[in-house]
Structure formats: structure tokens, C-alpha cells
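> Okay, here's the structure, questions in a sec.
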Amino acid sequence: MAKEKRFCDYVIEHVNQSADLIALDPDIRGILSKTINEIIVNFPVKMDDGRIEMFTGFRVQHNNVLGPFEGGVRFHPALDVDEVRALATCMTWKAAITNIPMGGASGGIRLNPSQHTLGELERITRRFTFSLGNNIGPEYDVLAPDLSTNAQIMAWILDTYLSTMPPRQRQACKHVVTGKPIKSGGSLGRDKATAQGMVFLIEQWAKDKGFNLKGATYMVQGFGKVGSWTARLLKPYGAKLLAVEGFTGAIASPEGIDPEGLTNFVQKDGSISRYPKAKLIDHKTFLQTQADIFIPAALENQITADTAPLLNVKLVAEGANGPTDPDGDRILREKGIDVIPDILCNSGGVIVSYFEWLQNKRSEFWEMEEVDCKLHKKILSAYGRVRDAAQEFNTDWRTAAYIVALSSIERVYRKRGIFP
């Protein structure tokens, strides 16, 4: 029986396809096909009721030829090393595409955060951080928020790490994590960074296509941080949100759903499906919604051979990592649907994480206008490189994005060489 392919398998396929197109140096391809370090830690934590529970945590460091490792920390009950490995490699490509001097890493803990109290989550986070030890550091491996983690989690990681440092070094180590609370050294704009970058790219795509975003319609899958922020940031453009899908169900309204109203409701109620100002619909109906833009901002492998034929949109802007599998990609191309691929589309978080790291390192604090301006410049420059590569190699944008990343890293290896 054939093994079912996963997100990590698709990342390898994309890399190999792009490497073949540019005749990537086989030695460099070999280097990039492996991770540098894979850390798995099993650690005990005392629960509120006094019992001890064991947890498994991961930190995979893919490549740091461009700079220190950087990548998210996610909490999920099905997390495994294969998924973390794929996420770490994607971080390498995102940094290379956007010309960020950082490498790729990822990590997390296998747990369902909804099944633990705040106190338990704090102890789990702190023990995980302590278990990683000197495998992380502000000039070596920088941690950031990801699925089911937030500024509070980052603050606990920061405090735990600083507690292990000599007192005179602690203030110089705040950049061991990004996505921190503002008062703890965080950056303005970090919470909306991924979504803000996506909106900048959607705006540029619309300019390139001669498409007016005022009155445009869109649908969002996943209404967490990325999905909700993207919807809110598109609202000033005059775009209309027609449908939203979350883990509790999907809703739609032909008159439009107010992103602010839905965000406030979900923050209080926790369930999209109970939102009173929209109609409850099923998954298939959601995917068949006729709209201009589809924003998948949930989990991997949502656009497949089964679901891609249902889509009736002009653009797919990938807020999630790996939401489209190769069969889905092929069908989208056949249907003439444009795709802004994940390693470009959701790279705004990587960019602003770098900005936060840089502000901490320099003992600076940038205003929101400066952060957004720098993000706009960085991500549109990356967009231009991918667009040019797509034209030069007569290929799709996903392949072009990997070409840009691989070419950038290849140039560095050719100049630096391999030790010894």
C-alpha cells in the first residue's frame, strides 16, 4: 500500500523540481536536502492536580548559511519531527526569498493547549525552554510564535532563557525570541505582520492585473491571527468578506461579513459557527463560494485534487504553510487561478521578526509607520524577484519562489566554499 504523502514530501518535491530547472550544484543540493540539527526533548511537568506528565518537544535547525536560525514554536497534538523538519526548511526559503540574513528553524511541543490551564501551559513552556538549553540563543537560534502560541508564550520563553544567563548578559539577550509583548522588547506590527505582508502582496497583484480591490470579494479559511488580521486589513480597501471557515464550521453572507465584528465575536464566544449575522454552511458550499480571492490561512493540504475543482476565484493567497498539494497546484494552473505561494505570501512574519531582532540588538524601537514601510519595501522586492523568475523560466510562481531561494543560497555557498 502506497504511503500517503505529507506536507514534508511536497516541500521536497518543490525543491527538487526547482533545483532541476536551474541545474543547482549537486553538492549544494545535497547540503540543503538535510537539516543541520534535529533536537528532540522529552521532559516532565507537574500538572495542577499534582501528577507528572511527560511531553515531547522539537527544535529542527535546517540551514544557517545566511545567518542565525530563526523560526516558530507551535503547539499541536499531532506535531512530529517530519512536520517540524518541513517547516524549518520553509523558513530557510522564506529568509532567502526576502533577503533576510537569517536561516531556517522550527519547533514546538506535541500537546493540545485547550486541554491545559494557563498555569500548566506556563510550566510546560518554561520546562521546554530549559530543556533546549544552549541549542537556542540570540545569535544562534531565535524563536518566534506560530500555531497556538502567542506573545505570552514568547514572554515565558524569554524569561526562562534569561534566567539561565549571567546577570550582566541578560539585557543583551532579549533577541532570543521575537513576537514578544511590546513592553518586553517586542516590535510594533509583529502581531499583524504576516497578514500585513499578504495584503501588500494582494495589492501589488491587483495593480499588476489591473484589478480594483474596491468592491472585490474574498473568502478566508482559518480565522486565527493570520486570517482575522488579513480580513481586517483588507476592509479599508473596500473589499467584501463573503465567507469564513474555522474549525467549528463555516459561515457566509452575500451582503458581506464585517471582519471587525466577527473578530470581536470570536474572541468572546470562540466559535465562528454561532456568529448571528451570517448563515451556517458546509465545507463544500464554502469552497464553492464565488469570490475574487481565496485566503487559506489554516492548516496544510486544504487544496487538493478533490477540493481544487470546487474553487471559483481569481487568486489564492496562501496564508498557511503548505495549504496546496501538487495535485491541487496543477488544477489551479489548469483553471487559470493565480497563486501567491506560501513561502512568499506569508513571509511578512519572518521579515518583522527580523526587524524585532534587529531593534533589540541595536537597543532601538521603531514606530509602526517605519515597520510597515520597511516591510512593504522588503516584501514587494521579493515579489518582484519571484515574478521575474517566473517569466525567465516560464514557470509557475511556486516554482519561481523556490528558484529565487535556491539561487540566493547557492551564490553564498559558491563564495564561501565548504570547510575544510
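The values are calculated or read from the model by the stated rules, or taken from the named source; none is laboratory data. Please read all numbers here as calculations on a predicted model, not as lab measurements. Using ideal geometry, Cβ is built from the backbone for each residue, glycine included, and neighbour counts are taken over all protein chains shown.
> Being surrounded by fewer than 20 Cβ atoms within 10 Å (Cβ to Cβ) and of a type in the set (Phe, Trp, Tyr) is the filter; apply it to the range 125-150 and report the residue that is nearest to residue 88 (Cα to Cα).
By that ranking, first place goes to 140.
> Given the range 1-95, what strands (runs of 3 or more DSSP E) lie entirely inside it while holding 2 or more residues that are surrounded by 19 or more Cβ atoms within 10 Å (Cβ to Cβ), at pLDDT 95 or above and of a type in the set (D, E, K, R)?
Once the strands (runs of 3 or more DSSP E) in the range 1-95 are filtered for at least 2 residues that are surrounded by 19 or more Cβ atoms within 10 Å (Cβ to Cβ), at pLDDT 95 or above and of a type in the set (D, E, K, R), what remains is 69-75.
> Across the range 255-270, what is the number of residues that are surrounded by 13 or more Cβ atoms within 10 Å (Cβ to Cβ) and either in contact with a Leu (Cβ under 9 Å, 6 or more places away or on another chain) or among the polar types (S, T, N, Q) (or both)?
Of the residues in the range 255-270, 6 are surrounded by 13 or more Cβ atoms within 10 Å (Cβ to Cβ) and either in contact with a Leu (Cβ under 9 Å, 6 or more places away or on another chain) or among the polar types (S, T, N, Q) (or both).
> When you go through 305, 298, 278, 252 one by one, which is the residue that is among the hydrophobic types (A, V, I, L, M, F, W, C), more than 25 Å from the chain's Cα centre (by Cα) and surrounded by fewer than 22 Cβ atoms within 10 Å (Cβ to Cβ)? Give the steps one after another, and end with the answer.
Working: 305 fails: more than 25 Å from the chain's Cα centre (by Cα); 298 fails: more than 25 Å from the chain's Cα centre (by Cα); 278 fails: surrounded by fewer than 22 Cβ atoms within 10 Å (Cβ to Cβ).
Only one candidate qualifies: 252.
> Select, from 196, 152, 169, the only residue that is within 29 Å of residue 108 (Cα to Cα) and more than 19 Å from the chain's Cα centre (by Cα).
Being within 29 Å of residue 108 (Cα to Cα) and more than 19 Å from the chain's Cα centre (by Cα) holds for just one of 196, 152, 169, which is 169.
> A further question follows. Inside the range 212-225, can you point out the residues that are hydrophobic (A, V, I, L, M, F, W, C) and modelled with pLDDT of 95 or more? Give the steps one after another, and end with the answer.
Filtering the range 212-225 for residues hydrophobic (A, V, I, L, M, F, W, C) gives 213, 216, 219-220, 223.
Answer for the range 212-225, where residues must be hydrophobic (A, V, I, L, M, F, W, C) and modelled with pLDDT of 95 or more: 213, 216, 219, 220.
> Which ones in the range 380-420 are within 14 Å of residue 96 (Cβ to Cβ) and among the β-branched types (Val, Ile, Thr)?
Result: 386, 403, 404, 409, 412.
> Related question: If the requirement is being closer than 27 Å to residue 386 by Cβ, among the β-branched types (Val, Ile, Thr) and in contact (Cβ under 8 Å) with a residue 12 or more places away in the chain, which of these qualifies: 226, 176?
On the way: 176 fails: closer than 27 Å to residue 386 by Cβ.
Just one listed residue meets the conditions, 226.
> Only one of these conditions is not met by residue 181: (1) under 30 Å from residue 119 (Cβ atoms); (2) touching a residue at least 40 places away in the same chain (Cβ under 8 Å). Which number is it?
Looking at each condition in turn, residue 181 falls short on (2).
For (1) in contact with a Phe, Trp or Tyr (Cβ under 7 Å, 6 or more places away or on another chain); (2) within 24 Å of residue 98 (Cβ to Cβ); (3) β-branched (Val, Ile, Thr); (4) modelled with pLDDT of 95 or more, each residue gets a yes or a no:
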site	(1), (2), (3), (4)
309	no, no, no, yes
316	yes, yes, yes, yes
327	no, no, no, no
331	no, no, yes, yes
334	no, no, no, yes
339	yes, yes, yes, yes
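> Of the conditions (1) more than 20 Å from residue 350 (Cβ to Cβ); (2) modelled with pLDDT of 95 or more; (3) among the hydroxyl-bearing types (Ser, Thr, Tyr), residue 178 clears all except one; give me its number.
Among (1) more than 20 Å from residue 350 (Cβ to Cβ); (2) modelled with pLDDT of 95 or more; (3) among the hydroxyl-bearing types (Ser, Thr, Tyr), the lone unmet condition for residue 178 is (1).
> Now for a different question. For the range 292-385, which fully contained strands (runs of 3 or more DSSP E) count at least 3 residues that are within 21 Å of residue 244 (Cβ to Cβ)? Can you show your working first?
Numbers: elements: 293-296, 315-317, 338-340.
By residue number, 293-296, 315-317.
> When you check residue 171 against the structure, is it in a helix (DSSP H, G or I), out of contact with any helix residue (DSSP H, G or I) (no Cβ under 8 Å at 6 or more places or on another chain) and surrounded by fewer than 20 Cβ atoms within 10 Å (Cβ to Cβ), yes or no? Break it down stepwise before answering.
Numbers: in a helix (DSSP H, G or I): yes; out of contact with any helix residue (DSSP H, G or I) (no Cβ under 8 Å at 6 or more places or on another chain): yes; surrounded by fewer than 20 Cβ atoms within 10 Å (Cβ to Cβ): yes.
When the stated conditions are applied, residue 171 passes them.
> Could you tell me whether residue 108 is within 21 Å of residue 139 (Cα to Cα), free of Cβ contacts under 8 Å to residues at least 40 places away in the same chain and in the same structural domain as residue 147 (by TED's automatic domain parsing)? Full working, then the answer.
Values: within 21 Å of residue 139 (Cα to Cα): yes; free of Cβ contacts under 8 Å to residues at least 40 places away in the same chain: no; in the same structural domain as residue 147 (by TED's automatic domain parsing): yes.
Taking the combined requirement at face value, the residue does not satisfy it.
> Just to check your reading of the model, which residue among 187, 148, 131 is of a type outside the set (A, V, I, L, M, F, W, C), part of a loop (DSSP other than H, G, I, E, B) and assigned by TED's automatic domain parsing to the domain that holds residue 102?
148
> With touching a residue at least 60 places away in the same chain (Cβ under 8 Å) and under 19 Å from residue 344 (Cα atoms) as the only criterion, which of 57, 103, 72 stands out?
Exactly one of 57, 103, 72 is touching a residue at least 60 places away in the same chain (Cβ under 8 Å) and under 19 Å from residue 344 (Cα atoms), namely 72.
> Right, next: Test of understanding: among 217, 160, which residue is touching a Lys or Arg at 6+ places or on another chain (Cβ under 6 Å) and farther than 30 Å from residue 37 by Cβ?
217
> Also, quick follow-up: Of all residues being crowded, with 18+ Cβ neighbours inside 10 Å and of a type in the set (Phe, Trp, Tyr) in the range 312-367, which is farthest from residue 94 (Cα to Cα)? Just the residue, please.
Among residues in the range 312-367 that are crowded, with 18+ Cβ neighbours inside 10 Å and of a type in the set (Phe, Trp, Tyr), the one farthest from residue 94 (Cα to Cα) is 366.
> Does residue 153 satisfy the criteria of being crowded, with 24+ Cβ neighbours inside 10 Å, closer than 29 Å to residue 347 by Cβ and not assigned by TED's automatic domain parsing to the domain that holds residue 214?
Answer is yes for this residue.
> Considering only residues that are under 19 Å from residue 380 (Cβ atoms) and basic (Lys, Arg), which ones fall in the range 86-121?
Of everything in the range 86-121, just one residue is under 19 Å from residue 380 (Cβ atoms) and basic (Lys, Arg), namely 94.
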